Amino acid sequence: MLAFCLMLPTLSDIMRPVCNHLTGSIMTTPFIIGIAGGSGSGKSTVTRKVIEAAGTEHTAVIIQDNYYRDQSDLTFEQRIHMNYDHPHAFDWALMAEQLDDLRNNVPIQMPTYNYTEHTRAKETVVVAPATVIVLEGIFALYDKALRDMMSLKIYVDTDPDVRFIRRLTRDIQERGRSMDNVISQYKATVRPMHNQFVEPSKRFADVILPHGANDPAVDMITAKIISLIQSS
Ligand SMILES: Nc1ncnc2c1ncn2[C@@H]1O[C@H](COP(=O)(O)OP(=O)(O)O)[C@@H](O)[C@H]1O
Ligand SMILES: Nc1ccn([C@@H]2O[C@H](COP(=O)(O)O)[C@@H](O)[C@H]2O)c(=O)n1
């Protein structure tokens, strides 16, 4: 069986069968989708709606925020002053390694993140390989190595004032922040880093979603994913 799998290198990347070394069965290379956009643009909402409609059975989600660097060696005082909107804040090597594992149908132990403590949490989550894998985060389209693994690149485009209002509400309700803290972080790092790094990554997108998680766009992406799952 292994020899048979290795004799099929000429098929296109999307349809290339690979051998699962544990089961000996032939599996299709997953279809990887990147969903980028500014903080509060609606990336998680688009991802959730698409996965809900397509079904969780054949899909897996990688949340890029879980790959913020582990900062347990720093004090809390040091951690609150870090720039979380610069690419250096992320563990790119681990992200690429784990996405590549999933692409090769190998399960991963995805890290998890604690926004209140500003560091990686102790728990990891097992993510099983799936027909469709979504990588969602502000820098989902930033890194060439990751982009090269993707078959569909999406940018969620939402006006800055809308994104800021959403972030203000969310960060106070869900991420343990005060209003003053959200405003000062937005002015110091979120806004300038968005303009420098996140917004320019839009040029790598195959599809740009205006107005965030708008229903017609979400329906089109969902239809594409369902057809991929049905043909897999
Ligand atoms: N189209 C929308 N209409 C209203 N609220 C939205 C919409 N999209 C997202 N939100 C809300 O805005 C907040 C941020 O959205 P989220 O999807 O988490 O953004 P991101 O993942 O890009 O930071 C959430 O509270 C979410 O419920
Ligand atoms: N300790 C941290 C880590 C990240 N952030 C902010 O999260 C934003 C990205 O997440 P979204 O769900 O909003 O896309 C990013 O803009 C960071 O500023 C943080 O505040 N604290």
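The values are calculated or read from the model by the stated rules, or taken from the named source; none is laboratory data. Quick caveat, the model's predicted, so the values are computed rather than measured. With ideal geometry, Cβ positions are generated from the backbone for all residues, glycine too; neighbour counts draw on all protein chains shown.
Is it the case that Tyr155 is in contact (Cβ under 8 Å) with a residue 12 or more places away in the chain, closer than 18 Å to Asn83 by Cβ, in contact with a Ser or Thr (Cβ under 8 Å, 6 or more places away or on another chain) and away from ligand 2 (no atom under 12 Å from the Cβ)? Working first, answer last.
On the way: in contact (Cβ under 8 Å) with a residue 12 or more places away in the chain: yes; closer than 18 Å to Asn83 by Cβ: no; in contact with a Ser or Thr (Cβ under 8 Å, 6 or more places away or on another chain): yes; away from ligand 2 (no atom under 12 Å from the Cβ): yes.
For Tyr155, the condition - in contact (Cβ under 8 Å) with a residue 12 or more places away in the chain, closer than 18 Å to Asn83 by Cβ, in contact with a Ser or Thr (Cβ under 8 Å, 6 or more places away or on another chain) and away from ligand 2 (no atom under 12 Å from the Cβ) - is not met.
Looking across segment 70-97, the residues that are within 29 Å of Leu209 (Cβ to Cβ) and touching a helix residue (DSSP H, G or I) at 6+ places or on another chain (Cβ under 8 Å) come down to Asn83, Tyr84, Asp85, His86, Pro87, Phe90, Asp91, Trp92, Leu94, Met95, Ala96. Looking at segment 51-68 only, could you name the residues that are away from ligand 1 (no atom under 16 Å from the Cβ) and surrounded by fewer than 17 Cβ atoms within 10 Å (Cβ to Cβ)? Result: Gly55, Thr56, Glu57. Taking segment 100-190 as the region of interest, the helices (runs of 4 or more DSSP H) fully inside it that hold 2 or more residues being within 16 Å of ligand 1 (Cβ to nearest atom) and either modelled with pLDDT under 95 or over 14 Å from Ser41 (Cα atoms) (or both) are 160-174, 179-185.
Go through segment 193-216 and give me each residue that's in contact (Cβ under 8 Å) with a residue 60 or more places away in the chain, away from ligand 1 (no atom under 11 Å from the Cβ) and within 18 Å of Ala89 (Cα to Cα). Even if it seems obvious, please write down each step before you answer.
Quick first cut of segment 193-216, residues in contact (Cβ under 8 Å) with a residue 60 or more places away in the chain only: 193-194, 197-199, 201-202, 204-205, 209, 212-213.
Next cut, away from ligand 1 (no atom under 11 Å from the Cβ) only: 193-194, 197, 199, 201-202, 204-205.
Correct list: Met193, His194, Phe197, Glu199, Ser201.
Listed residues His118, His86; which is surrounded by fewer than 16 Cβ atoms within 10 Å (Cβ to Cβ), in contact (Cβ under 8 Å) with a residue 40 or more places away in the chain and within 13 Å of ligand 2 (Cβ to nearest atom)?
After ruling out the rest, the residue left standing is His86.
Trp92 meets the conditions (1) in contact with a Pro (Cβ under 7 Å, 6 or more places away or on another chain); (2) under 23 Å from Phe31 (Cα atoms); (3) touching a residue at least 24 places away in the same chain (Cβ under 8 Å); (4) not acidic (Asp, Glu) in every case but one. The failed one is (1). Among the residues of segment 28-47, some residue qualifies, meaning at least one is surrounded by fewer than 18 Cβ atoms within 10 Å (Cβ to Cβ), more than 15 Å from ligand 1 (Cβ to nearest atom) and more than 26 Å from Val156 (Cβ to Cβ). Checking every residue in segment 78-89 against the condition of being more than 16 Å from ligand 1 (Cβ to nearest atom), at pLDDT 95 or above and of a type in the set (Lys, Arg) gives at least one match.
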